[in-house]
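Any read-out appearing in this document is the output of simple, stated calculations on the displayed coordinates, not a laboratory observation. What you see is a predicted model, and the numbers here were worked out from it, not measured in a lab. Please note: Cβ atoms are built from the backbone with ideal geometry, for glycine as well, and neighbour counts cover all protein chains shown.
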Amino acid sequence: MNYLSVENISKAYGERILFEDISFGINKDQKVAFVAKNGSGKTSILNIIAGLDVPDSGQVVSRKGISIAYLAQKDDIDPNLTIEETIFATDNKILSIVNQYENALKKP
C-alpha cells in the first residue's frame, strides 16, 4: 500500500540547484533514510514532503488520511514552557484529547 509518492520534484535557490526530477514512493511498513552530503537538499526534501515548502516543479501526493510531520533540525521550543506544556502545545488532535483527559483527571 502506497502512503506517499514524490513525483519529479526539483528545488533550486537562485542559480544553486539542490536537486532535479527526484521521484520515489513510501509504502506501508517501509523504512526510509536520506543519506547525502551536507547541503545537498535532504532537509529541503523533508520540508517539501511535510508541506512546509513547495517544490519548483513536480508534486507530492499522500494517501488520504495520512498525516505527515517530522522533527526539525532546529527547534522552535518556547523556553518559558515546561516539557509537558511543550508536548501539548501542538495542533495534533490526539495530543489535544490526551491533554483534555489529563486536565479532567486533575479536577474530578
key: Mean Cβ neighbour count within 10 Å, used as a protection proxy, ranking 46-56, 26-36 highest first   = 46-56, 26-36
message = Checking a compactness column here: for the chain, what do you get for Rg(Cα) / (2.2 N^0.38 Å), N being the number of residues?
response = 1.37
Sequence of Ser40, Ser67 once ranked by neighbouring C-beta atoms within 10 Å, starting from the fewest = Ser67, Ser40
task = Please give the calculated 222 nm ellipticity per residue for the chain, where each DSSP H segment of at least 4 residues contributes -39500 (n - 2.57) and the sum is spread over every residue; nearest 500 deg cm²/dmol?
result = -7500 deg cm²/dmol
request  = At a Cα cut-off below 15 Å, give the aspartates and glutamates reachable from Lys11, other chains included and same-chain residues fewer than 8 away excluded.
outcome  = Glu20, Asp21, Asp53, Asp56
key: the chain: relative contact order as a whole-number percent, Cα under 8 Å and 6+ apart   = 25
